[in-house]
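Structure, as structure tokens:
The values are calculated or read from the model by the stated rules, or taken from the named source; none is laboratory data. Since this is a predicted model, take the numbers as computed values, not measurements. So basically every Cβ, Gly included, is an ideal-geometry build from the backbone, and we count neighbours across all protein chains shown.
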Amino acid sequence: ERLARVSRLAEELVSQRADERVGATVRVLVESVDPADEGDGVRGRAEHQAPETDGQVLLTSGEGLSVGRMVDAKVV
């Protein structure tokens, strides 16, 4: 029960922080580009995201982007 409570609290905090970023502009490292995947073909990680614990950023416009590039992205 204690572990479940801590896990729920952690999820709530992550969700709250994500909500606070809506509308903000963040720096994103492009990690993969898949031109065959229309719409969600470019994925990256924002400066505040850790690879082992956080999700990825899906970039809606990937034209001209390449792996390793840093770009500014607006959180929606």
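Worth a mention:
- Strands (runs of 3 or more DSSP E) contained entirely in the chain, each with at least 1 residues that are exposed (fewer than 10 other Cβ atoms within 10 Å of the Cβ): 70-74
- Residues of the range 62-76 satisfying the condition of being farther than 25 Å from Val14 by Cα and touching a residue at least 12 places away in the same chain (Cβ under 8 Å): Gly62, Leu65, Ser66, Val67, Gly68, Arg69
- Scope the range 13-46; condition at pLDDT 90 or above and of a type in the set (Asp, Glu); matching residues: Glu31
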